[in-house]
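Reading through the structure tokens given below for one structure.
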Amino acid sequence: MAVYKAHRPADGSEDGPAPRGTELSDEDICRALAAGEAWAAEVIFDRVEDVVDGVLFRLLGPGDGERDDLAQQALERIISTIVSGKFSHGCSLRSWATLITQHLAIDTMRSRSRERKVFDRSVGPASLELVAEDNRTPERAAETRRRVERLLTALSSVNRQRAEAVVLHDILGHDLAEIAGLTGVTVAAAQSRLVRGRKEVLRFITGQEKEQRHGNG
Amino acid sequence: MVTGEGEDLRDTTELGKLSSYVEALPAGEPPPRDRAARRRRVVPALRAHAAREHVRVRRRRVVRRASLFMTAVGGAAAAVMFAAGPWGRLRPSSRAGATIAVLDGTLWLDEGADRRALRAGEASGVDAKEQLEAPAERLARVRLADTATLTLDPASLVGTVVAAASAPEAAPTFEAVKLVRGRAHLQVRKLHGGQRFHVLTPDADVQVRGTEFDVELVDSHAGARSGTCVRVEEGLVAVVAAGATHLVSAGQTWGCPDVQAAAPVPAPAPAAAVIALPAPERHAATPRMSASDLRLQNTLFQTALEAERGGRYGEAAQLYRRVLARAPHGPLAAQARSNLAVVSRPR
């Protein structure tokens, strides 16, 4: 149960501030949002903003120029799913935010991958900023960048549900039961997606490595 | 990277390889930023977005409920209208929908409680439930689809039997009329194949393939006997009654109370003969013949017709000549002479 921290709307709108010093459950917030209470959107921001930012940081890197915009998009998506009743209440709002944000991140990676195929086959400048700080040797830093680039390209290339399982489990650290609850499938199905997703990602990475070796040789 | 779940990558080197890639991703917390400024920027947008979404979802719910309601109401209304309205009564069936057109006079269409008038020049679809009635004071002439033309004496009443359409795009036709009361004069167009047009009466089934004849229901008070009376003007008519079939040819009658007293039947105009045949002498009345003689003539004539339909024109001509030789002024003579002219044409 999170403690609500109230703030008056920055735009001075007449929607009114959220109740101050009140403890609100996820259920209460969702109910208020579905009832058209605009202040609930503010509470959502307070509750999940750090999760959204963390997922985007982990998946897209610290130097991504669109991270703020993507964070706002993710928050809007979260609000939309709650208002329309797609949020099943089978998990916490923070877990739901993780799922929605990684969806958005994968969509973004896919979209960028398509754009690179169409407009520029070289590595884009954004990918060079994927690793924020690397105090190791320049060669090591370059290798790390290549690995991140390959992993993200692989995740954006494989089946979406399997990529989602790999991201949630191997990158964001959710266990299979959580993934099953988040994605609305059985634990067995989540495990199957994870195993297949890992295989597909590894196959893609191995193919990329071979191509690189052939290119160097 | 979390391990120990979902591992059927038995080869730990592969799992290790994937781990090494995952570890290349940035870890830890994102660098601190000016959260307050971000909050000021994002929260108003989120509040506006929430309000928009709320309106959109509410509108969508209203539209969905309205469409469900309209669908339910529309379906119920259509069902009620179809079952109880005029559409229900005019519901097409495999044996309904043949068209009649009134050529002369007025015709009443009866269907139970409904009764409507069709005047000359008007047309309507009818089904098997409807009966056609001529007005009490005058004749009514009506065309039954492309099958027959029916002239009803005043106050006569007939029902119709509609045949199913032979093809999906073909219009239904009439296969029979039921004479309920009075007298009907019919001109049936030439039918092909095994087609027959029937006039059904309480005691007989009059079958034709293309001819002109009268059928009358004779009242027991008016004539010597009650029942069906058939007068043939042209062609050949088969009357099936009491399990027996009687062939009635042009000029003959069947079942009428008094043949001699019956209205004179106009003899058909002789066809333009292309071969020399003895011209028939006109007699005021058809001479009476014995039943056995008439039966023989009918048999000869029917055999000749079958030969003609089978394309055996020589045989047909010979049989028609035999009919003419046997009874040159008989009831079948005119038709036999006409048919003989046709089959004798050089081919």
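Bear in mind these aren't lab numbers, they're just calculated from the coordinates by the rules spelled out. Note that the structure is a prediction, hence the values are computed from the model and not measured. Here the Cβ is made from the backbone with ideal geometry for all residues, glycine too, and neighbour counts use every protein chain on show.
Brief remarks on what is shown
- Within 10 Å of the Cβ of each residue in A:158-169, the mean number of Cβ atoms contributed by other protein chains is 1.
- For the peptides B:229-240, B:30-41, the ranking by packing is B:229-240, B:30-41, with the highest mean count of neighbouring Cβ atoms within 10 Å listed first.
- Computed from the C-beta positions of A:Ser111 and B:Gln302, the FRET efficiency with R₀ = 60 Å rounds to 0.10.
- Modelled this way, with points 7 Å down the Cα-to-C-beta line, the labels at B:Ala77 and B:Ala136 are 4.5 nm from one another.
- Peptide A:74-83 has a mean of 4 when you count, residue by residue, the C-beta atoms of other protein chains within 10 Å of its C-beta.
- Take A:146-153, B:185-192 and order them by the average number of nearby Cβ atoms within 10 Å per residue, most first; the result is A:146-153, B:185-192.
- The mean number of partner chain beta-carbon atoms within 10 angstrom of a residue's beta-carbon across peptide A:201-208 is 2.
- For the range B:182-189, Karplus couplings with θ = phi - 60° (6.51, -1.76, 1.60), whole Hz, Gly/Pro x: x, 9, 10, 10, 10, 10, 9, 5
- Here the peptides B:307-313, B:98-104 are ranked by packing, the mean other Cβ count within 10 Å, and the order with the highest first is B:98-104, B:307-313.
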